[in-house]
Every structure is written in C-alpha cells, then in structure tokens.
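Everything on this sheet refers to the single structure shown next.
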Amino acid sequence: MTDEVKEFTSGFVALTGRPNVGKSTLLNQILDQKVSIVSNKAQTTRHRINGVLNRESSQIVFVDTPGISKPRTPLGTRLNESAAEARKDVDVVCFIIDAKSGFGRGDEFLLQELDPQKTVIVLNKIDGLAPEKIVKQLEIVSEHNFQEYFPLSAFTGKNVTPLVDYLLAQMPPGPRWFPEGMISDKEDAFMVAELVREQLLHIAKEELPHSIATRVVSWEWPVVKVEILVERESQKAIVIGKGGQVLKKVGSSVRRSMKKGAYLELMVKVNKNWQQRPSEITRLGY
C-alpha cells in the first residue's frame, strides 16, 4: 500500500498597511533572504514585489506593496493605486500594524476597505513592548472581527512561524506558479538599482529626501551603470557628498551584495520635479 500523495496547494498573499509598518522586513524574514529593501522613510517600497515561499507540497507568492498614505504628489497617488490593485484577487491579505505606534486613524480608515473573510491582522514590532501593551493593542483591533491576529516581530523573527503555518494552511489547491528554486520575480538589475536607493537612504539619512529614483541604464558585465535621479541641484550635491564620499560609500556597500568582480558606476542626474509628472513616473516604472 503506497502513501497518499498530498495535493499541491498554492496562492497569493498581499502584505499591506501604512508606511513603515514593516512589510518589507516581514517578507525578508519569511523568505530568509532579502528581496525587498528597507528603511525608515516613507515610499521605500515603490513597486509590487513578489517573493516566493516554496514548500514540498505548497507555494505562497507574497506581494509586498507600497505603504498607503495620503498622497501629496502624483507619485503618491500612483503608489496607492498599486497597493490597492495588489489586494485584488489574492487569497489572503495580511494587514500590518505598527505595535509601537499603536492602532491609529490611518489604520482604521484602511481597514474599512478590506474583506474580513480573507484578512488577517499582523501586529508587528512587539519586541521590547510590555505584554500588557501588546494585549491592549490586540483588544482594540479584535473588535473588527477579522480572521486571525498575529503579534510578532518581523525584525527578530519572533512568532513569525505561526503566521507562515497559518498562511500555508489557507492555500487552495493550485499549481506551482514559479519554479521551485525561485525566490523573487525581480531581475538582478532591479535589485541592484533598489540596493543603491536603499544605501542612499541609509547613508545620507535625514539630509536626503525620498524624492530620488534609481535605475540600471547599462548592464555589460562586469560593468553595471546605475542612474540616480534627483529633482534639484541641491539634492545632487547631497547624493554625491563632499569629495564624492557618499557615492563611494554607497558603491562600496552595494558591490558587497553583487557577484565578485562587479564594477559599479553611479551617475547622478537632475530630473526636475519628476514626482509631479505622470509621464516620468511611468517611464521610471512606477
């Protein structure tokens, strides 16, 4: 008598919420690999990024979405539209709340648009919080009667496994959407450009506005050329740094994440008010 073959299951899970609640950190933690950049600035995630979790008899395609906030530019409107679109036709929506900031009006507003029957609440950033504060936050959000509630820390990985186990159990019978060894649907060029933007946000910190864009304009291995776009000449000086120090630090850091022998060339250009121009937003891939 042979063992019964378990039916393969698969599906899609959207990670959504306000900016800086830890969506990308959670995705990277679940996959145990960096597929989405992180920083403490709004609009860090600008693209819908698919990360793939593979198991022997199941596959989950996670969609990391831009944080949703009141748009101040056409780019902000485009990112909100992208996040809303990503929530359609998925099997589960993980709505992520920052436990340290607490459940706020912005969270309340966004929850009104979600289907309770396919939404789970993820209370993130519980590390360092007193147990009574975590319980209080859970009591507040539990009034909305969503499917499940998971307090966890995406940064440390605490309690992430129960969430993953739950999501795997929710996947319906389906095909393997991506090859078994595939972790992300994004190409190397996309990730290099995103790593440059991440390091700029990290190294320049508060001096650098989030109105920068990065893209690979040439990939002729081992030479990779990345264009950094800013909106004003004053921003260009910040990105370059005194004596080119900022660009040197960024290039050195990104190269450590690339294949050995890579030569990374960074170029800074001014594209005036690109966030305000829909044609430029589209051209840059947002």
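The values are calculated or read from the model by the stated rules, or taken from the named source; none is laboratory data. Keep in mind the model is a prediction, meaning the values are calculated, not measured. Cβ sites come from the backbone with ideal geometry, for glycine too, and all protein chains shown count toward neighbours.
Return yes or no: is G251 more than 24 Å from the chain's Cα centre (by Cα) and of a type in the set (G, A, S)?
When the stated conditions are applied, G251 does not pass them.
For the stretch 124-165, how many residues meet the condition of being outside any loop (DSSP other than H, G, I, E, B), among the aliphatic types (A, V, I, L, M) and within 19 Å of the chain's Cα centre (by Cα)?
Here the count works out to 3.
Mind listing whichever residues of the stretch 260-285 are assigned to a helix (DSSP H, G or I) and β-branched (V, I, T)? Of everything in the stretch 260-285, those that are assigned to a helix (DSSP H, G or I) and β-branched (V, I, T) turn out to be I281, T282. Among the residues of the stretch 89-133, write down those that are among the aliphatic types (A, V, I, L, M) and farther than 21 Å from L167 by Cβ. L129, A130 - these are the residues of the stretch 89-133 that are among the aliphatic types (A, V, I, L, M) and farther than 21 Å from L167 by Cβ. Cβ-Cβ contacts under 8 Å between residues 6 or more apart (or on different chains), taken from a first residue in the stretch 16-27 that is more than 22 Å from F109 (Cα to Cα) and in contact (Cβ under 8 Å) with a residue 24 or more places away in the chain to a second residue that is surrounded by 21 or more Cβ atoms within 10 Å (Cβ to Cβ) and among the aromatic types (F, W, Y), are listed as L27/F62. The single condition from (1) at pLDDT below 75; (2) more than 26 Å from I140 (Cα to Cα); (3) surrounded by 20 or more Cβ atoms within 10 Å (Cβ to Cβ) that S82 fails is (3).
Scanning the stretch 242-268 for residues that are loosely packed, with under 12 Cβ neighbours inside 10 Å and either basic (K, R) or outside the structural domain of W221 (by TED's automatic domain parsing) (or both) yields K242, R256, K259, K260.
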